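Everything below concerns the one structure shown next.
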Amino acid sequence: MFNELVPAIKEGMMSTSGEIPVVFDGLEHVFEKTTPFSESSSHETHELLFLRDGEAEMKIAGRNVVLMKGDTIIIRPHMKHKMRVTSKQADILSLYFGFTPEVQNNYENKDPNLSKINPDGTVRSGPLSPLPRLAQTSLESFMQFATEGEESRTKDAYINVSGSYKQDVIQVTERIIEEKKDPDNYGHELMMELLTVELMLILSRFIQSEWEEYLRVKNGKAKELVDIAKKYMDVNYDRGITVNDAASYVFLSQGYFTRAFKDNVGISPMNYLMNVRIDKACEMLKNPDIKVSAIATAVGFSSAQRFNVAFKKHKGITPMDYRKQVTNTSGRSDD
């Protein structure tokens, strides 16, 4: 059963996003204050770092970060960082994750010659597992979108996980670490896939909530996003897109997007999208050689029936009656 189920889940995720979320490695360490660390390191993956106990200081892309017990951060790929323990001991959990378009088993076959200790005695951080080709991640896509045009980018070298989502992230991370300890467990690969997807969903919800909170205090940013979403609908109205598609395009929840859109435009995004489609349909109806069913498809409706209902609701008459009015023809057979 699992031999069939795991590929099916992966195929479903690939068809949705084109990428598979993968946890490449999970490490637990108890460091002493005197532990010598490498001067700096960086990874091709995201690194989720959870300080179970103790205190530490990090420098991430030149920015000083103080970590206390319970703090959880995500360091972006290729960001140089270094750490030192400031308490007697520090219990640290690190999880390395990303998205890959190539499905590989990244939980076994570690190189036994690799060590977490460098020849000079310093601690080397990063996953031991071999990494497949990495894809652009949704986290990266969001952060690049959110910070475009911002003066300072150093603050975006990492994400500080806080609020109600932090405990959820910690709990799933601990479960992933425990599951990785015994790869012979029944359904191990499937469990790793499910836990990884759960972690990605929690992180996505956290980031979206932080993004929307940022918009509440950033004057003009919500209007800018609404304008971007309007252009997206203007260009893609014929693809059968939904309001949720437009909201996701600017990384907002549908509820927040609907409120912001109505505040800035005066109508709901659903009505705006419908107006765009009906206006485009009216232009096409002026050409008597184009069938109504073809027009329905061309402006993004799933069927001619849905198109007829929507058109009459907006214009008060059917598409055929509208055509007769604008072309001054009558009795023409159509769909």
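Overview of results
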| read-out | value |
| --- | --- |
| Check: segment 191-335 dipole with +1 on Lys, Arg Cβ and -1 on Asp, Glu Cβ, in debye | 620 debye |
| Karplus-derived 3J(HN,Hα), 6.51/-1.76/1.60, for each residue of segment 70-80, Hz, glycine and proline x | x, 5, 9, 10, 10, 8, 5, x, 6, 8, 5 |
| Rg ratio (alpha-carbon, reference 2.2 N^0.38 Å) - segment 235-335 | 1.20 |
| Distance-filtered residues of segment 190-222 - backbone nitrogen under 16 Å, label point 7 angstrom along N264 Cα→Cβ | 211-222 |
| Reachable lysines, given that their alpha-carbon falls under 17 Å from the alpha-carbon of K223 and they are not under 8 places away in the same chain | K231, K262 |
| Spatially proximal lysines relative to K324 (Cα-Cα < 23 Å; intrachain offsets below 8 disregarded) | K280, K286, K291, K312, K313, K315 |
| Potential extension, Q167-S209 segment - 0.36 nm per residue separation minus Cα distance | 13.6 nm |
| Amide H partners (placed H, <5 Å) of G54, local residues excluded | K69, D91 |
| R216 paired with V326, simple spin-label distance in nm, labels 7 Å along Cα-to-beta-carbon | 4.4 nm |
| FRET efficiency estimate (nearest 0.05) - Cβ-Cβ, N64 to M191, R0 35 angstrom | 0.40 |
| For segment 238-250, Karplus couplings with θ = phi - 60° (6.51, -1.76, 1.60), whole Hz, Gly/Pro x | 7, 9, x, 5, 10, 4, 5, 4, 5, 5, 5, 4, 10 |
| 25 Å Cα-Cα reach of K181 towards lysines, excluding residues that sit fewer than 8 places from it in its own chain | K10, K69, K110, K116, K166 |
| Segment 236-335, relative contact order [Cα under 8 Å, separation at least 6], % | 26 percent |
| Rounded FRET efficiency, nearest 0.05, which uses the C-beta distance separating K80 from D53 and R0 of 35 Å | 0.85 |
| Cα gyration tensor category, rounded, prolate or oblate, for segment 180-245 with a/c compared to 1.5 | oblate |
| Extension reserve of the E32-D91 stretch, reckoned as 0.36 nm per residue once the Cα distance is removed | 20.3 nm |
| Cβ-derived FRET efficiency at R0 22 Å, M284 paired with V309, nearest 0.05 | 0.80 |
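Every number here is computed from the coordinates shown, using simple stated rules; none is lab data. Source: prediction; values computed, not measured. Positions of Cβ are backbone-derived with ideal geometry, glycine not excepted, and every protein chain shown enters the neighbour counts.
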